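K.L.:
Below you will find the structure I want to go over with you.
The values are calculated or read from the model by the stated rules, or taken from the named source; none is laboratory data. Since the structure is predicted, the reported quantities are computational estimates derived from the model, not experimental observations. Using ideal geometry, Cβ is built from the backbone for each residue, glycine included, and neighbour counts are taken over all protein chains shown.
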Amino acid sequence: MQDLYELYRDHRDEWIEMLYSWIRKSNYRKSSHTYGTEFTTELVGIDDESVRRYTLRRTPDVYTKLRKLQLEGFNAYLSVNRYMKKLTKRPDYGSGYWNTMFIDFDSETDIRLAHDEVWKIASFVNHRCTVVFSGNRGFHLYIVFEKPFSSVSELRSKTIELIKNASDEYEYRFKTIDTIADRSRVAKVPFSVDTRTGLQCKVLHDESDMSFEDRSFVPPSRIRINYFK
């Protein structure tokens with residue numbers, strides 16, 4: 001727990017910078033650390049007994065809530081895409097900024113297989129993507145587009161098409177793909193810690209990066225977005 005406390009206490013600025021770039025899926029920084037008044041993101045905390053949801057706009061607020069959730073033993077999740085802001089507490093899942101494909105690779109018994117498969121898709125898109133170890137039994141693949149899709153239905157169909165094309169290219173049937181993006185999809189916050197396994201959700205740089213097997217924590221760093229066209 002002390003290592004987890006220090007991860008958040010000693011690296012506040014790095015957390016805010018990473019969260020800002022990641023929530024926006026952008027390479028640019030603004031000193032205000034806000035990401036648009038018209039869109040919100042959802043931060044979700046889940047433990048064995050309860051779920052906590054926060055709809056937030058300012059990045060420092062996301063950091064504060066994230067830190068609190070983690071130190072109280074919750075796993076922390078962020079919405080993959082952003083949603084239109086509403087006056088009610090919950091975001092409008094029907095209206096969003098749909099520019100991020102998400103594919104979840106999970107295996108209960110063979111994490112190396114999930115590792116191999118996520119990098120097959122990454123190779124297929126010429127590594128214009130981000131791969132994150134989930135902290136548990138698999139990997140998350142994010143493919144960010146410069147322009148958003150018109151609807152979540154289009155995003156979903158394009159994701160299915162991409163998987164099919166990769167399968168045809170490699171003459172391979174993917175075995176560990178669990179879920180793809182839906183309109184309310186959330187995923188583990190990069191660099192957060194899975195409180196069940198004690199493993200950090202690390203961003204992997206290439207196929208040879210096996211740091212997900214290392215139980216040490218690394219400070220958050222800004223995730224560079226390689227847009228896919």
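K.L.:
Sort out which residues of region 53-77 are at pLDDT 95 or above, surrounded by 15 or more Cβ atoms within 10 Å (Cβ to Cβ) and not in a helix (DSSP H, G or I), and write them in order of number.
P.N.:
Phe74, Asn75, Ala76, Tyr77
K.L.:
When both residues are 6+ apart or on different chains and their Cβ atoms are under 7 Å apart, which pairs have a first residue that lies in region 167-182 and is surrounded by fewer than 12 Cβ atoms within 10 Å (Cβ to Cβ), and a second that is of a type in the set (Gly, Ala, Ser)?
P.N.:
From residues that are surrounded by fewer than 12 Cβ atoms within 10 Å (Cβ to Cβ), the pairs are Arg173/Ser167.
K.L.:
Can you tell me which residue among Val131, Val125 is in contact with a Leu (Cβ under 8 Å, 6 or more places away or on another chain), of a type in the set (A, V, I, L, M, F, W, C) and surrounded by fewer than 20 Cβ atoms within 10 Å (Cβ to Cβ)?
P.N.:
Val125
K.L.:
Yes or no: Ile121 under 11 Å from Phe102 (Cα atoms) and part of a helix (DSSP H, G or I)?
P.N.:
no
K.L.:
May I pose another question? State whether one or more residues within region 153-176 are of a type in the set (A, V, I, L, M), in a strand (DSSP E or B) and at pLDDT below 95.
P.N.:
There is no residue in region 153-176 that is of a type in the set (A, V, I, L, M), in a strand (DSSP E or B) and at pLDDT below 95.
K.L.:
Right, next: Do any residues in region 200-228 that are farther than 26 Å from Leu71 by Cβ and modelled with pLDDT under 90 have Cβ atoms under 9 Å from those of residues that are of a type in the set (Asp, Glu) and surrounded by 14 or more Cβ atoms within 10 Å (Cβ to Cβ), where the two are at least six apart or on different chains, and which pairs are they?
P.N.:
As it stands, the answer is none, since no pair meets every condition given.
K.L.:
Which members of region 126-152 meet the condition of being outside any strand (DSSP E or B) and either within 17 Å of the chain's Cα centre (by Cα) or closer than 25 Å to Tyr83 by Cβ (or both)?
P.N.:
His127, Arg128, Cys129, Ser134, Gly135, Asn136, Arg137, Ser150, Ser151, Val152
K.L.:
Ile163 is checked against (1) within 29 Å of Glu72 (Cα to Cα); (2) surrounded by 13 or more Cβ atoms within 10 Å (Cβ to Cβ) and fails just one. What number does that condition carry?
P.N.:
Single failed check for Ile163: (1).
K.L.:
Could I ask something else about it? Which residues, counting only those in region 39-63, are under 22 Å from Glu17 (Cβ atoms) and free of Cβ contacts under 8 Å to residues at least 12 places away in the same chain?
P.N.:
Matches in region 39-63: Asp61 only.
K.L.:
Could you grab me the full set of residues in region 186-217 that are crowded, with 19+ Cβ neighbours inside 10 Å and of a type outside the set (A, V, I, L, M, F, W, C)?
P.N.:
Lys188, Pro190, Ser192, Thr195, Gln200, Lys202
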